[in-house]
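The values are calculated or read from the model by the stated rules, or taken from the named source; none is laboratory data. Treat the numbers as computed from the prediction; the structure is a model and nothing was measured. Glycine gets a Cβ as well: all are built from the backbone with ideal geometry, and neighbour counts include every protein chain shown.
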Amino acid sequence: MSNIETQLVQGANRTEDDRTGAISPSLNFSTAFRHPGLGESTGFDYARVSAPTRALLETQLAQLETGQKAYAVSSGMSAIQLVFQTLLQTGEHFITSDDLYGGTFRYFGQLRDHYQIAYDTWNGAKVVDLVAQITPKTKLIWLETPSNPTMKVIDIQAVVAAVKAVRADILIAVDNTFLTPIYQQPLVDGADIVVHSATKYLGGHNDILAGAVVLKNQQYVSAFDDALITTGQVLAPFDSWLLIRSLKTLHVRMKTHTANAQAVVQVLTDLPGVDRVLYPGVGGMISFYLNAAYSVDAFLRHLTVFSFAESLGGVESLITVPAVQTHHDMTAAQREALGITDQLIRVSVGLENTVDLIADLKQAIAASRGE
Ligand SMILES: *Cc1c(COP(=O)(O)O)cnc(C)c1O
């Protein structure tokens, strides 16, 4: 199955249950598995180690991101934790792009303060500035692109070329939550690890909390296996099944997210009350600066189609105010340096009717003037 649309729809089917011919994969809740005899296994022993429905999902995720191995875990933050838990030790160093998901930023602070794993930040622009920060202790480069919430785009291939030229053993990990493999395939671009908050576009319906890690090579598989078997932040069977089901429409959803977002960007760009629109060109995520003469609170209160809520990537359109929600853990100075002002609005454009979405934003912005 070489084309991604076919892979998404059919990938987890026909892999088991040939006896019944079931089209939809079966959901298996067992945590324990009977052994045929001493020293024998069906391949499943205990659900923290591996479980049938999760295994189907993991095969599917690995193929989608063109990796050798995938792990389906309990949240995006669990996925990020799995990477650092497995690969970095006290005294080592990593470099991260600077405009990060708020939870990732908070976790990196904990790695520094509790585990003495140091990090430096890079603004995502000139690769020479990234390379200049590499030290003999540098183990990993962490990239979030497009960035959250200011939509900065990083050239993954350029980072890979520059970093691997300095030291081939420095790993490059990419948080691919915003674009998904439909629009961005970091492993094809040369990165070593992809991470997702599958709570967002992969899940797509604002009803599954999940994460994924995908590895390009076999080299680190046993280390990741050991780490995950030890701490067990795995995805539960029903959530695994729901995520398999969600993936079947990922390509269709992403195309409509993009079409709706592009239409919204076009209107917002010339709209009174909007100072600037940030959009990476594809995907469903937009940020914009509401003019200071307009009240953010009034804008949120007047929305009727969009919900003021703290997530993204679902069929339902959501709006977030990063300064008070996702990025509250940064200091005011850090937020200001990144452009995360109190007037910055982050929009997750869903799959509702385009005209309805645009009308809702227009009326809410107009009603918030001078309030
Ligand atoms: C939401 C998000 C995360 C964290 O994922 P959870 O599923 O909420 O734990 C990480 N990275 C990005 C880019 C996100 O949007």
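Considering only residues that are of a type in the set (D, E, K, R) and either over 10 Å from residue 69 (Cβ atoms) or outside any helix (DSSP H, G or I) (or both), look in the range 216-252 and name the one that is nearest to the ligand (Cβ to nearest atom).
To start, the set of residues in the range 216-252 that are of a type in the set (D, E, K, R) comprises 216, 225-226, 239, 245, 248.
In the following step, the residues that additionally are either over 10 Å from residue 69 (Cβ atoms) or outside any helix (DSSP H, G or I) (or both) were identified as 216, 226, 239, 245, 248.
On the way: 216: 19, 226: 22, 239: 11, 245: 18, 248: 20 Å.
Among them, the one singled out is 239.
Let's see how each residue does on (1) crowded, with 23+ Cβ neighbours inside 10 Å; (2) touching a Ser or Thr at 6+ places or on another chain (Cβ under 8 Å); (3) not aromatic (Phe, Trp, Tyr):
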| site | (1), (2), (3) |
| --- | --- |
| 206 | no, yes, yes |
| 210 | yes, yes, yes |
| 216 | no, yes, yes |
| 221 | no, no, yes |
| 230 | no, no, yes |
| 233 | no, yes, yes |
| 241 | yes, yes, no |
| 249 | no, no, yes |
| 252 | no, no, yes |
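Being within 30 Å of residue 174 (Cβ to Cβ) and crowded, with 21+ Cβ neighbours inside 10 Å is a property that does not hold for residue 5. Looking across 326, 341, one residue alone is free of Cβ contacts under 8 Å to residues at least 60 places away in the same chain, assigned to a loop (DSSP other than H, G, I, E, B) and not acidic (Asp, Glu). It is 341.
Taking the criterion of being outside any loop (DSSP other than H, G, I, E, B) and either free of Cβ contacts under 8 Å to residues at least 60 places away in the same chain or within 22 Å of the chain's Cα centre (by Cα) (or both), the residues of the range 344-371 that qualify are 344, 345, 346, 347, 348, 355, 356, 359, 360. For the range 73-95, name all the residues that are more than 8 Å from the ligand (Cβ to nearest atom), closer than 19 Å to residue 143 by Cβ and in contact with a strand residue (DSSP E or B) (Cβ under 7 Å, 6 or more places away or on another chain). Answer for the range 73-95, where residues must be more than 8 Å from the ligand (Cβ to nearest atom), closer than 19 Å to residue 143 by Cβ and in contact with a strand residue (DSSP E or B) (Cβ under 7 Å, 6 or more places away or on another chain): 82, 83, 87, 88, 92, 93, 94, 95. I'm checking my understanding of the structure. Among residues of the range 39-63 that are out of contact with any strand residue (DSSP E or B) (no Cβ under 6 Å at 6 or more places or on another chain) and not in a loop (DSSP other than H, G, I, E, B), which one is nearest to residue 238 (Cα to Cα)? Per the stated criteria, the residue is 53. Residue 28 meets each of the listed conditions (1) touching a residue at least 40 places away in the same chain (Cβ under 8 Å); (2) more than 30 Å from residue 339 (Cβ to Cβ); (3) within 26 Å of the chain's Cα centre (by Cα) apart from (3). Any residue that is at pLDDT below 95, buried (at least 16 other Cβ atoms within 10 Å of the Cβ), in a loop (DSSP other than H, G, I, E, B) and touching a Pro at 6+ places or on another chain (Cβ under 7 Å) - is there at least one of those in the range 260-282? No, there is no match, as no residue in the range 260-282 is at pLDDT below 95, buried (at least 16 other Cβ atoms within 10 Å of the Cβ), in a loop (DSSP other than H, G, I, E, B) and touching a Pro at 6+ places or on another chain (Cβ under 7 Å).
For the range 119-151, give me each residue that is touching a His at 6+ places or on another chain (Cβ under 8 Å) and more than 15 Å from residue 170 (Cβ to Cβ).
At the first step, the residues of the range 119-151 found to be touching a His at 6+ places or on another chain (Cβ under 8 Å) are 119-120, 135, 137-139, 149.
The one that is touching a His at 6+ places or on another chain (Cβ under 8 Å) and more than 15 Å from residue 170 (Cβ to Cβ): 149.
Considering (1) under 18 Å from the mean Cα position of the chain (by Cα); (2) part of a helix (DSSP H, G or I); (3) within 16 Å of the ligand (Cβ to nearest atom), the lone condition that residue 70 does not fulfil carries the number (2). Here the strands (runs of 3 or more DSSP E) wholly within the range 133-215 that include at least 1 residues being away from the ligand (no atom under 16 Å from the Cβ) and either without any contact (Cβ under 8 Å) to a residue 24 or more places away in the chain or among the polar types (S, T, N, Q) (or both) are 138-144.
A Cβ distance below 7 Å, combined with a sequence gap of six or more or placement on separate chains, defines the contacts here; from the range 302-315, residues that are more than 16 Å from residue 286 (Cβ to Cβ) and in contact (Cβ under 8 Å) with a residue 60 or more places away in the chain reach residues that are within 16 Å of the ligand (Cβ to nearest atom) and part of a loop (DSSP other than H, G, I, E, B) in the pairs 315/204; 315/205; 315/350. Kindly list the number of the only condition in (1) of a type outside the set (A, V, I, L, M); (2) in contact (Cβ under 8 Å) with a residue 60 or more places away in the chain; (3) more than 30 Å from residue 54 (Cα to Cα); (4) away from the ligand (no atom under 16 Å from the Cβ) that fails for residue 98. Failed condition: (4). Within the range 312-328, the set of residues being over 19 Å from the mean Cα position of the chain (by Cα) and either under 19 Å from residue 123 (Cα atoms) or surrounded by 15 or more Cβ atoms within 10 Å (Cβ to Cβ) (or both) comprises just one member, 323.
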